[in-house]
Amino acid sequence: MFVDEVDINVSAGHGGRGAISFRREKFIPRGGPDGGDGGHGGSVYLLSSPHHNTLVSYRFHPDFDAPRGANGEGSLRTGKSGKDIELPVPPGTVAYRIDEFGHAHQFADLIGIGDRVLAAKGGIGGRGNARFTSSTNRTPRRADTGMPGEVFKLRLRMKLLADVGIIGYPNVGKSTLIARVSAAKPKIADYPFTTLVPNLGVVALSDDRSFVMADVPGLIEGAHEGKGLGHRFLGHVERTKVLLHIVDVSEASGRDPVEELEVIRRELEQYVPNADTLDPDALPLAARPQVVAANRIDILGDPLRLEALREHAAALGLTFHAISAVTGEGVPALLETLWPYVQHVSAERALQRSRQAADAGQADGSDDAPSPHGGAGYPSAAEALAKTTRPAAELAHSTNAGGPERDEPGLNVPAEPVDPDA
Ligand SMILES: Nc1nc2c(ncn2[C@@H]2O[C@H](COP(=O)(O)OP(=O)(O)OP(=O)(O)O)[C@@H](O)[C@H]2O)c(=O)[nH]1
Ligand SMILES: [Mg+2]
């Protein structure tokens, strides 16, 4: 099951009580206070994990309580701290705290693998009576009870990390393309709405270049009003740097290719991002760089259909490629066209971010590190996902479980660079 949003309840552990105790030993008649401190309560952390690609497990188990700290004891023994708990989430998960009015406030964006963010802090342990000794009170009978841990309602929203988002009508060959250029194995079939949840694939180019592509379910006219699968999945291309339109130029679609492109572009314009989840520096989807690929040229009858779309794209200033996702014709050139967009936008965002940092008088040269709290300057999705100590091939293996027709989005890393011409 593909679950990209859940609400969960987290409570950190209460701090343990401090002890009230006095040293009692033979020949030491009036030993001083020796009550130890209580242990700290366990905290709750969110951890971005490459082994997770859905939030489904939280739907059925939404409550998490970290253990309390143990009470302090005599002989200055501090209570044991409660064990922290870590909740694994897919990379790209945005976390919010929900206030009493039901408003969501973002506090973390777990982009890089291994990002770990405190969600609820455990209460500190109470002080034992040994801490209260003073020159005027040698036998304090007082200790702290320990502080309560933080309790929050959290919303977790997964937003896929991809550099390139493939969009288009249903049945135009979006999944066929991602299957061709990456190790992704989405279901492909000759009917609309074959793809019901987004798929990710890592595209490897020569010279160790790679980027992540997302194939999202098809759009139709009126998607913004909820037609078809609606706009729901467009949130998953919000992080992309470039959008790739796939347009079926063959006669098979029964549509005019120019009109098809225009419908999708209008749908992008109508897309209203969820204001509290959108990277404030991100361009609206309709203003993102867009590349147009005319697909199914292998079965194209009337070449004028292709030329009309080519001219239309040129008039819009969009880069255009004619491809066949089935035969691979034109695909390598398309991937090479996408690469500079992936690079260029990263560089632009990094520049923008260093300017902001300079403006804030805090340029520190460490700007390239991905911030767990989001903002501009994402690392490329491939970089973020590659921030793991495990080899890529193992990553592919572990995240690709479920067979070719699985329902989950997969991160599919080919062990060898894929030659789209092969
Ligand atoms: N001849 C030809 N057929 C293609 C090409 N690309 C895709 N197809 C076929 O078109 C059909 C639909 O392909 P999909 O990749 O499932 O299309 P999709 O855009 O992912 O469709 P949805 O998931 O429903 O949105 C399949 O039968 C593919 O084999 C192409 O370049 N040439
Ligand atoms: Mg598909």
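A few notes on this one:
- Scanning region 53-70 for residues that are free of Cβ contacts under 8 Å to residues at least 60 places away in the same chain and of a type outside the set (A, V, I, L, M, F, W, C) turns up SER57, ARG59, HIS61, PRO62, ASP63, ASP65, PRO67.
- Scope region 31-52; condition touching a residue at least 24 places away in the same chain (Cβ under 8 Å), in a loop (DSSP other than H, G, I, E, B) and surrounded by fewer than 24 Cβ atoms within 10 Å (Cβ to Cβ); matching residues: GLY32, ASP34, SER43, SER49, PRO50, HIS51, HIS52
- The number of residues in region 65-93 that are under 18 Å from PRO140 (Cα atoms), surrounded by fewer than 24 Cβ atoms within 10 Å (Cβ to Cβ) and not aliphatic (A, V, I, L, M) comes to 5.
- Residue match in region 194-204 (condition: on the phi > 0 side of the Ramachandran plot and either in contact (Cβ under 8 Å) with a residue 24 or more places away in the chain or more than 10 Å from ligand 2 (Cβ to nearest atom) (or both)): no
- Scan of region 109-132 for residues that are modelled with pLDDT under 90 and surrounded by fewer than 19 Cβ atoms within 10 Å (Cβ to Cβ), ordered by number: GLY114
- GLY125 being touching a residue at least 40 places away in the same chain (Cβ under 8 Å) and either in contact with a strand residue (DSSP E or B) (Cβ under 9 Å, 6 or more places away or on another chain) or closer than 20 Å to VAL3 by Cβ (or both): no
- Qualifying positions in region 53-65 - in a strand (DSSP E or B) and of a type in the set (D, E, K, R): ASP63, ASP65
- Candidates VAL203, VAL212, filtered to the one that is in contact with a Phe, Trp or Tyr (Cβ under 7 Å, 6 or more places away or on another chain) and either in a strand (DSSP E or B) or more than 10 Å from ligand 1 (Cβ to nearest atom) (or both): VAL203
- Any hit, region 288-300, residues being modelled with pLDDT under 95, buried (at least 20 other Cβ atoms within 10 Å of the Cβ) and part of a helix (DSSP H, G or I): no
- Screening ALA19, ALA70, ALA95 for residues that are at pLDDT 90 or above and in a strand (DSSP E or B) leaves exactly one candidate, ALA95.
- Filtered residues of region 256-287 (kept if assigned to a loop (DSSP other than H, G, I, E, B), modelled with pLDDT under 90 and out of contact with any His (no Cβ under 9 Å at 6 or more places or on another chain)): PRO273, ASN274, ALA275, THR277, LEU278, ASP279, PRO280, ASP281, ALA282, LEU283, PRO284
- Annotation: of all residues in region 162-187 being part of a loop (DSSP other than H, G, I, E, B) and within 9 Å of ligand 2 (Cβ to nearest atom), the one that is farthest from GLY328 (Cα to Cα) is PRO170.
- Residue match in region 231-238 (condition: in a loop (DSSP other than H, G, I, E, B) and free of Cβ contacts under 8 Å to residues at least 60 places away in the same chain): yes
Here is a yes/no grid of residues against (1) in the same structural domain as LEU244 (by TED's automatic domain parsing); (2) out of contact with any Pro (no Cβ under 6 Å at 6 or more places or on another chain); (3) within 13 Å of ligand 1 (Cβ to nearest atom); (4) not acidic (Asp, Glu):
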site	(1), (2), (3), (4)
ARG131	no, yes, no, yes
PRO148	no, yes, no, yes
VAL151	no, yes, no, yes
ILE178	yes, yes, yes, yes
ALA183	yes, no, no, yes
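- Which numbered condition ALA143 fails, given (1) at pLDDT 90 or above; (2) part of a loop (DSSP other than H, G, I, E, B); (3) within 16 Å of ligand 1 (Cβ to nearest atom); (4) touching a helix residue (DSSP H, G or I) at 6+ places or on another chain (Cβ under 7 Å): (3)
- Beta carbons closer than 7 Å, at least 6 apart along the sequence or on distinct chains, pair a first residue in region 318-334 that is more than 13 Å from VAL249 (Cβ to Cβ) with a second that is among the aliphatic types (A, V, I, L, M) and modelled with pLDDT under 95 for VAL331/VAL181.
- Of the set (1) within 12 Å of ligand 1 (Cβ to nearest atom); (2) free of Cβ contacts under 8 Å to residues at least 12 places away in the same chain, all apply to GLY254 but (1).
The values are calculated or read from the model by the stated rules, or taken from the named source; none is laboratory data. The structure presented is a predicted model; accordingly, all values stated were derived computationally and were not measured. In this analysis, Cβ positions are derived from the backbone assuming ideal geometry, glycine residues included, and neighbour counts consider all displayed protein chains.
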